[in-house]
Every structure is written in structure tokens, then in C-alpha cells.
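Scroll down for the structure; my scribbles are underneath it.
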């Protein structure tokens with residue numbers, strides 16, 4: 001990728017998703033021609049912090065402002081300590097850290113709403129990361145898109161579009177689908193077809209499955225590893241139909257969502273199941289919401305689609321993927337691993353790339369978020385190495401792209 005003597009920036013992308021299960025980090029080297037993965041690593045989410053984050057997201061919870069601020073600081077210190085450790089045991093070291101932060105609230109403005117402003121909140125003080133590591137930090141990736149009237153999510157479609165060149169060399173039409181805590185799709189049409197990219201959140205991914213696994217196991221499990229619990233249960237179809245009546249599913253894109261729109265109580269109140277059947281029911285809500293999204297907004301519009309490549313934690317749930325394949329028999333269902341990629345690293349690589357693009361002043365959203373005009377891409381917190389980073393950025397801006 002990199003030609004001899006060409007300026008390049010090493011960026012460590014960091015992602016902790018809605019499920020709060022781990023910190024995933026991917027270090028890339030990027031220049032005017034593209035990027036390549038240098039190394040990746042991960043660290044489990046501390047139990048205490050995970051409990052605090054999830055507790056603050058319960059429906060109608062009232063928490064003193066000081067607790068929010070203290071959690072912002074604690075998360076920042078955890079990110080800082082963990083990233084310093086990851087950088088110390090991997091080489092080469094990055095110039096920049098691009099940290100998405102921990103989403104604790106996401107409230108996009110209703111489409112075409114007048115006077116309503118979308119808001120989003122990611123905790124984990126980036127200044128503490130810059131202080132502990134001495135490195136420049138890029139954060140706050142969603143704010144600029146929302147300032148421009150966008151949903152602030154999903155942002156990964158920009159990176160998915162870059163990946164599609166590798167995943168769809170024959171130009172048959174491809175989708176890249178992330179199943180994290182929240183599920184989102186990106187449909188990338190064949191190059192030169194004149195068709196537009198389609199991207200939006202489809203609803204709960206793993207958040208209800210994880211919560212159901214915890215209930216069914218009496219708190220011993222925080223996920224349904226391999227879909228084993230779902231296989232043993234019986235679905236509550238009435239509860240599934242009730243869940244799919246949520247108004248979010250009927251909305252047209254652009255649309256995004258989060259834990260706030262889909263508290264687990266919406267499902268648990270709709271069914272008496274508290275054993276494996278609760279996990280089965282939660283899993284099928286995810287399956288149906290994903291399948292119906294493709295049927296309505298991609299296949300129903302006769303857009304060419306041959307394969308869906310899945311990534312995120314849900315890509316490691318074979319029961320979930322088989323059920324989606326059964327619901328969409330005309331489409332080949334794969335994981336990104338089949339193309340030599342790591343499903344757990346897609347989002348951390350994406351935000352590494354976004355850190356690079358943000359330093360070049362390029363917006364991260366697009367028509368799929370609903371942004372109008374230029375959306376400032378991120379916040380930059382200069383580290384001790386800022387002068388060197390700034391010089392590299394100046395060279396990169398001068399490079400033809």
C-alpha cells in the first residue's frame with residue numbers, strides 16, 4: 001500500500017460497543033493510497049464499570065449529574081490504562097488514538113422534525129487518554145454529523161463501502177451487516193450501477209439476547225455463546241409479533257437507534273418465559289427485524305444483492321446466522337472471516353480510519369445519516385506528540401488522493 005517515502009499515519013482505533021463486553025483495538029497505517037492493519041488486541045470490560053454503564057441506561061433512571069461526570073472520568077482512566085498496556089505490548093506504536101467512547105445515550109432527531117435537535121453521549125474522557133499515553137486523541141465522532149442534521153449513526157457504512165471493493169470484486173451487489181448490541185446494515189450496490197448506498201440501524205442486535213441469557217442463567221452468563229441457549233428454548237411468537245410492532249421498524253431511513261429505544265423490559269413484559277425460551281424469543285426478534293429490513297428496503301426494491309457478510313459479536317452465533325439464512329433463502333449469508341477479515345475488528349478498524357480522515361478534515365457521515373452539508377468529523381485532543389502529528393497531517397494533505 002505505502003510507497004517508499006510517502007507520509008503515513010499510524011492510528012489506533014478503539015471500540016467498546018453497546019454490549020459492554022470488551023475493548024477492541026486495531027492499529028492501522030494509513031496514507032493517501034489506503035490503509036493496512038498493523039496489529040490488533042483486546043481487553044475485557046471490567047465488571048464494575050459494565051454494571052455502572054448498564055445501570056445508567058435503565059429506562060427512566062434518575063442519576064445525579066456528579067455520578068455521570070465521575071463515570072466519564074473513570075471510563076477515561078480505564079481507557080487510558082488499558083490502551084497504554086496494549087501499546088506497550090504491541091509494535092509499532094501509534095501516532096494517534098481514535099477512541100469512539102462508550103455510548104450511554106443516543107437520541108437522534110425525528111426525521112423531518114422541526115426544531116428538534118438530535119443528541120448523543122459517549123463517555124470516557126479522552127483528555128485522560130492523551131495525558132496517560134502522551135498521544136494525540138481523536139474522539140466525539142458522532143457530534144458533527146448530528147450538528148449537520150444527521151442521525152449521528154450508523155457511521156460504519158463509510159468504512160463498509162471501502163471494504164466492499166474486496167468483498168464484491170464481481171460487482172454483484174453486497175451487504176455488510178454488523179450485529180453488535182445494535183444491528184445495522186450497509187448495502188453497497190455494484191460499482192458504476194448508479195444506485196445509492198443504503199444504510200441504517202435495523203434494531204436490537206445482541207442487547208436483548210445478552211439480557212435474556214443473563215435472566216435464563218440466573219446472572220451467570222452475559223451472552224448466549226454459540227446460540228446454545230436459544231437452541232434449547234421454544235419461541236413465544238406472540239411476544240415476537242408484539243416486539244416487531246415497535247414504531248422504529250416501520251420508519252424509513254435515515255434512522256438509528258440505541259438501548260434507549262429498546263429497553264429489555266419491552267420484551268420481558270411481553271412474555272412469561274424466563275428460561276431458554278426467553279433467549280430463543282429474543283434471538284428471533286433480531287432475526288425477524290434483520291430479515292424484514294432486507295425484504296423491505298433492499299430485495300423489495302429489487303436492488304441486486306448476492307451476499308450478506310456479517311460482522312460483530314453476532315457473527316459468532318451460528319444459530320442466529322442460520323436463522324437469518326433460512327429467512328432470506330435468495331441471498332448467500334457469510335461472515336467476513338470467509339473473506340479473510342476479523343469480524344470483531346471491523347468497527348475498531350473503522351474508527352482508526354475515521355481518526356485518520358478526521359485529522360484531514362473529512363466528514364464521516366453521508367446521505368444515509370441525513371446530514372445536510374459539512375458535518376465536522378470529530379474532536380482532536382493534542383498530545384505531547386502533537387507537533388509531529390501536525391507535520392504528518394500537513395504532508396498528507398498535500399499528497400494527491
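Taken together, the values in this text are just the output of simple stated rules run on the coordinates, not laboratory data. Please read these numbers as outputs of a predicted model, since none were measured by experiment. With ideal geometry, Cβ positions are generated from the backbone for all residues, glycine too; neighbour counts draw on all protein chains shown.
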Taking the Cα centroid of segment 332-365 and of segment 218-265, what is the distance between the two, rounded to the nearest whole Å? 25 Å
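Fewest to most neighbouring Cβ within 10 Å: what's the order for 42, 330? The partial results should precede the final answer.
Details: 42 16, 330 9.
If I rank by nearby Cβ atoms, fewest first, I get 330, 42.
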The extension gain from residue 56 to residue 127, computed as 0.36 nm times the residue separation minus the Cα-Cα distance, is 23.3 nm
Highest to lowest packing among 283-291, 134-142, scored as the average C-beta count within 10 Å: 134-142, 283-291
As an exercise, use a Förster radius of 45 Å and the Cβ-Cβ distance of residue 36 and residue 68 to find the FRET efficiency, rounded to the nearest 0.05. 0.70
Report the antiparallel proportion of the DSSP beta bridges in the chain as a percent, rounded to a multiple of 5. 70 percent
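Between residue 337 and residue 275, what FRET efficiency follows from the Cβ-Cβ distance if R0 is 30 Å, with the result rounded to 0.05? Before the final figure, lay out the partial values.
Working: r = 32 Å, r/R0 = 1.05.
In this case the efficiency is close to 0.40.
Give the percent of DSSP beta bridges with both residues in segment 157-341 that are antiparallel, rounded to the nearest 5. Could you put the intermediate results ahead of the total?
Numbers: 12 of 21 bridges.
That works out to approximately 55 percent antiparallel.
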Tilt, helix 157-167 to longest principal axis of the chain (alpha-carbon atoms), in degrees rounded to tens, equals 90 degrees
Full extension between residue 85 and residue 196 adds, at 0.36 nm per residue less the Cα distance, a length in nm of 35.8 nm
Considering only DSSP beta bridges with both partners in segment 41-183, what is the antiparallel share in %, to the nearest 5? 65 percent
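Normalised by the number of residues in the chain, what is the relative contact order in percent for Cα pairs under 8 Å and 6+ residues apart? Mind dumping the intermediate values first?
Values: 846 pairs, mean separation 92.5, N = 401.
About 23 percent, as a whole number.
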Under 12 Å from a label point 7 Å along Cα→Cβ of residue 306: give me every residue in segment 149-171 with its amide N that close. 167-171
For the chain, find the longest principal axis of its Cα atoms and tell me its angle to the long axis of helix 346-359, 0 to 90°, nearest 10. 40 degrees
Spin-label point model (7 Å from Cα, Cβ direction): what's the residue 390 to residue 360 distance in nm? 2.1 nm
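Once fully extended, how much extra length lies between residue 77 and residue 379, figured as 0.36 nm per residue of separation less the alpha-carbon to alpha-carbon distance? Walk me through the numbers before you get to the answer.
On the way: separation 302, 0.36 × 302 = 108.72 nm, distance 1.84 nm.
Gain on stretching residue 77 to residue 379: 106.9 nm.
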The simple spin-label model distance between residue 93 and residue 372, using points 7 Å out along Cα→Cβ, in nm, is 4.6 nm
Taking only the Cα atoms of segment 157-341, how large is their convex hull per residue, in Å³? 109 Å³
